[in-house]
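Note sheet for the following structure.
No lab work stands behind these numbers, since they all come straight from the coordinates. In this text the structure is predicted, and so the values were computed from the model without any measurement. Cβ sites come from the backbone with ideal geometry, for glycine too, and all protein chains shown count toward neighbours.
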């Protein structure tokens, strides 16, 4: 297993299979790359099935034991089932999706080896959902969640980005997962530095405080220093579980990051927030992948607390040590 200079073992990879998406969510940062989305048809710059599998085989050599497939919308890849089926058996396979393509495909994905799924759902009202996602697919998303549950992907984790447009729906969404077996909720802190709309930000601590008042049990996870709130039950009876992912200005979160990302074009990415550390895997041969993987892990830096540090006024600014970092050549 590879370990970076800050003692963080890399145990998981997050692989973007495409930057295409049938939604146009107002908060989307496309895995930190910004709005690169283009035509909906398959693109030549996307890694092939063999490329993805070859990368995963190398990652498995380094004892990486988990992969999450993302996009864009990864289910726009018609080879997704094949990719999952060919993923090394030693890896736990999960998927993050908007859910619209799960009806009809969920059973095949499970048969291929999919073990967990995250479905983006930012509101329980069709009109508000449409305003956030620029999509009229609200009912299809609900069908997708049900299809995932019926296929055995239990629990289904609902992803909700918390910002000005959605914060008012948090209590309703918490009640929704507490009242429906098989659902969990992941509240994701809005990242203004990646989306360019700082005025949409809210204080995530307010959400923590409110959940602490509602919770029957509070659990602390070592990974990313996250908290889980059990509402309407406890971990023993699998009551409604709500987890907050709050990386913004959080050195503890970054200090516990054990994941490397891969862009749809075949670049390794050591940090979500950075694009000056992209590393090409060349022609995707196994020796090239191994070399690139080792280099990216070696150069991983916690974003908050190292790459970004606090000045005397408590403001975050770029660490002088990294001012001369050169972007990767085209």
Using alpha-carbon positions, the gyration tensor of segment 108-264 gives root eigenvalues a ≥ b ≥ c; with a/c under 1.5 called rounded, otherwise prolate if a/b exceeds b/c, else oblate, the class is rounded
Summing -39500 (n - 2.57) over every DSSP H run of at least 4 in the chain, dividing by its residue total and rounding to the nearest 500, the 222 nm mean residue ellipticity is -8000 deg cm²/dmol
Taking 0.36 nm per residue of separation between residue 199 and residue 124 and subtracting their Cα-Cα distance, the length gained on full extension comes to 24.7 nm
Per the Cα gyration tensor, segment 213-330 corresponds to an equivalent ellipsoid with semi-axes, largest first in Å, of 34, 21, 10
For the residue 208, residue 176 Cβ pair and Förster radius 25 Å, calculated FRET efficiency rounded to 0.05 is 0.85
If N is the residue count of segment 104-151, its Cα Rg over 2.2 N^0.38 Å rounds to 1.28
Under the 7 Å Cα-to-Cβ spin-label approximation, residue 315 and residue 26 lie apart by a distance in nanometres of 2.8 nm
In cubic angstrom per residue, the convex hull of segment 12-301 built on its Cα atoms measures 126 Å³
The extension gain from residue 294 to residue 140, computed as 0.36 nm times the residue separation minus the Cα-Cα distance, is 51.3 nm
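Which percent of the Cα-Cα distances in segment 120-197 go past 15 Å?
Numbers: 1732 of 3003 pairs.
That fraction is 58 percent.
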Here FRET efficiency (C-beta to C-beta, residue 45 to residue 85, R₀ 22 Å, nearest 0.05) is 0.40
Rounded to the nearest Å, the spacing of the alpha-carbon centers of segment 164-190 and segment 67-128 is 20 Å
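So how do 15-26, 197-208, 236-247 stack up, highest first, on mean other-Cβ count within 10 Å? Can you show the working numbers first?
Numbers: 15-26: 20.0, 197-208: 14.0, 236-247: 18.5.
Going by the mean number of other Cβ atoms within 10 Å, highest first, we get 15-26, 236-247, 197-208.
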